[in-house]
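Structure record follows, encoded as structure tokens.
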Amino acid sequence: METYVSMTGWVGSAVEYRCLTSGDRSYTTHHASFRLAATPRIKRGGAWTDGETNWITVVCFRGLAQNVGSSVSKGDPVTVWGKLRRETWERDGETNERTVIEALVVGHDLNRGTSMFKKNERPQTFEEPDMGDLIEKVETPESLEQEDLAAAAHEDRLALA
């Protein structure tokens, strides 16, 4: 079962964008990551104060990674929605862990400012050539059979003449 979360905060690091290619170069994928900081506001004794800041790493793949890489900067207010993941790895004999959000959606938090939207450019499409000029005649089994019968009838007429 997947756990989906949303988190709103401030981008606390530069966005790291990479284009990754498989070892055999059979495919390429795009990857972007950044740290997200969220500090709750707490009312204590009639005054508002900052709570403890929560930090989490956000990772993005494919088209979202490309758009995040070109649209999001350190200090931007954003809202992230995605899958909560636990990553584990070994370094220098030590096991390390971290919690990440594998983002499915990233957007600027418009409560804190404005943003300009630009649609992704569609890949260029190519028109198919007009095959009518290239194909003079399509031969099917039926048309070949009719041609064979016509040729045989012509040969029979020649033999009788």
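Derivation of every value follows stated rules applied to the coordinates shown; laboratory data play no part. All values derive from a computational prediction rather than experimental measurement. In this analysis, Cβ positions are derived from the backbone assuming ideal geometry, glycine residues included, and neighbour counts consider all displayed protein chains.
Data table
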| quantity | calculated |
| --- | --- |
| Alpha-carbon Debye profile of the range 1-122, log10 I(q)/I(0) at 0.16 Å⁻¹ | -0.88 |
| Quotient of Cα Rg and 2.2 N^0.38 Å for the range 38-105, N being how many residues it contains | 1.47 |
| Built amide H within the under 5 Å cut-off of Asp109, gap 5+ | Val78, Thr79 |
| Cβ-Cβ FRET estimate between Arg85 and Phe117, R0 fixed at 25 Å, reported to 0.05 | 0.30 |
| Contour excess over end-to-end distance, with Cα ends at Lys43 and Thr28 and 0.36 nm allotted per residue | 0.5 nm |
